[in-house]
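This report concerns only the one structure given below.
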Amino acid sequence: MTIYRDLALLGGGKTASPPGILWTSGGRPLLAFDDTTDETIIRSWRMPDEYTTGLRFKVQYSMASATTNNVAIRAEIMAASSADGIVTDSFGAINVSADQAVPASAGNMAEITITPTNLDSLAGGDYIAVVIGRENGTSGTNAAGDMYWWSLTALWD
């Protein structure tokens, strides 16, 4: 059975380089991730006791203008058990998704998934903090312009 948790785009903490916040004409928020700066957001929660494996994140996105080339997303994870120090941040190595071709029409929605392999010893009942955003440092992630994030979901088995 897969369990999921929708993560609020505008909730959570502030990273050193956050994305821009935009609003549709109807008032729905979206995050605009730049194509050259590694902008990120941070989300945290308590993992359910039943968690054992299979953490992944899904982002529904569209592109502001790009209709060719690729995008990828990145995630850094910090896990802390009840006896661990938590005041100082200690995120694991950056995880990067596979490159994905952007939709052929600007504004069309697509979905990209990242399955982190570096989970910082995450276990059921742990506090988890995730720094997540668009990856711009790997070759092939070269679609021009903003990547608009519409939703972010964490899933696990």
Between the alpha carbon centres of the stretch 1-42 and the stretch 64-138 the gap in Å comes to 12
Name the residue farthest towards the positive end of the dipole of the chain from the options THR141, LEU22, VAL130, assuming +1 on Cβ of Lys and Arg, -1 on Cβ of Asp and Glu, about the Cα centre. LEU22
Scalar couplings 3J(HN,Hα) for the stretch 114-128 by Karplus 6.51 cos²θ - 1.76 cosθ + 1.60 (θ = phi - 60°), nearest whole Hz, x for Gly and Pro, are 10, 10, x, 9, 9, 10, 6, 6, 4, 9, x, x, 6, 6, 10
Based on Cβ point charges of +1 for Lys and Arg and -1 for Asp and Glu, what charge dipole magnitude is obtained for the chain about its Cα centre, in debye rounded to the nearest 20? 340
How many nm is it between the label spots at SER82 and ILE21, if each spot is 7 Å from the Cα in line with the beta carbon? 3.5
Which of these, THR53, THR40, THR141, has the largest mean-square fluctuation under a Gaussian network model of the chain (Cα springs below 10 Å)? THR53
Here FRET efficiency (C-beta to C-beta, THR117 to GLU50, R₀ 30 Å, nearest 0.05) is 0.90
Using r as the Cβ-Cβ distance of ILE94 and ALA32, and R0 as 22 Å, what FRET efficiency do you calculate, to the nearest 0.05? 0.55
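Quick note: the coordinates plus some simple rules give every number you see, no bench work behind them. Note that the coordinates shown come from a computational prediction; the quantities given were computed from them, not determined experimentally. Don't worry about glycine lacking a Cβ; one is built from the backbone with ideal geometry, like all the others, and counts go over all protein chains shown.
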